[in-house]
Amino acid sequence: MIVRRVLSAGLLAALATASVSACGAQSSEQPAGKAAAPAAASAPATAPAAADAAPPVAITDPWVKTTKKGMSAAFGTLVNNTDSDITVVSGASPLSPKIELHEVVDSKGKMVMRPKEGGFVIPARGTHQLQPGGDHIMLMGVTEEVKPGAQIPFTLTLKGGETLEFTAVGKDFAGGKEDYQPGKDMDMDKSHG
Ligand SMILES: [Cu+2]
């Protein structure tokens with residue numbers, strides 16, 4: 001029994017060593033060639049996606065509502081691959097200096113948005129939807145036009161300090177009546193008072 005355990009631990013170590021040395025071999029093949037660098041850099045990023053190495057938290061189909069500038073919002077489906085709840089506490093993007101995590105609530109028959117107390121909770125082994133009319137990543141003060149197909153980097157910070165980085169795609173949104181104009185925000189502030 002002990003022998004088998006030691007053996008399997010040894011195998012794991014050997015596998016880990018193998019992948020590390022493979023990377024080393026790749027970069028040492030062309031020590032002077034800068035052309036080899038991008039390929040070597042992208043290899044580790046794609047490798048963990050395979051098989052059992054699912055990330056603890058992910059987002060599927062992230063997108064940003066197109067806008068000239070000012071306000072917008074980002075959406076997608078947050079996925080929790082762990083056995084514990086995960087809380088998203090803040091967001092950031094180079095697109096907007098100020099970002100809040102918002103929810104939409106019914107206030108006297110009027111839908112208003114406001115910062116979501118405690119952030120977004122993704123249940124263990126579950127998902128949390130960010131969608132128009134519901135929870136969203138609010139961008140206040142978008143600095144440049146977001147066109148359809150734009151690639152916008154985002155970073156979400158989790159309660160434990162870990163981060164989730166992703167790229168959201170610019171998308172026109174025509175459905176529903178929810179809009180993210182300054183006027184709505186004023187209503188939101190009033191509803192707080
Ligand atoms: Cu909002």
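The values are calculated or read from the model by the stated rules, or taken from the named source; none is laboratory data. Just so it is clear, the model here is predicted, and its values are computed rather than measured. Counting neighbours? That spans all protein chains shown, and the Cβs are built from the backbone with ideal geometry, glycine included. Side chains included, ligands, DNA and RNA excluded: accessible areas come from the protein's heavy atoms. Shrake-Rupley method; radii C 1.70, N 1.55, O 1.52, S 1.80 Å.
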Original post:
Ordering Glu165, Glu103, Glu144 by how much accessible area each has at a 1.4 Å probe, largest first, what is the list?
Top reply: Glu165, Glu144, Glu103
Subject >> Residue pairs, from the table Lys69/Lys159; Lys116/Lys171; Lys108/Lys171; Lys98/Lys171; Lys68/Lys108; Lys110/Lys159, whose Cα atoms sit over 26 Å apart >> reply: Lys69/Lys159; Lys108/Lys171; Lys68/Lys108; Lys110/Lys159
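Highest mean first, what order results for 58-65, 81-88 on Cβ atoms within 10 Å?
Numbers: 58-65: 19.1, 81-88: 15.8.
Ranked by mean Cβ neighbours within 10 Å, highest first: 58-65, 81-88.
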Original post:
Just the Cα atoms of segment 106-145, one point each, no solvent: what log10 I(q)/I(0) does Debye give at q = 0.16, 0.29, 0.35 Å⁻¹?
Top reply: -0.58, -1.11, -1.23
**OP:** Quick one: order Glu162, Glu100 from most to least accessible surface, probe 1.4 Å.
**Re:** Glu162, Glu100
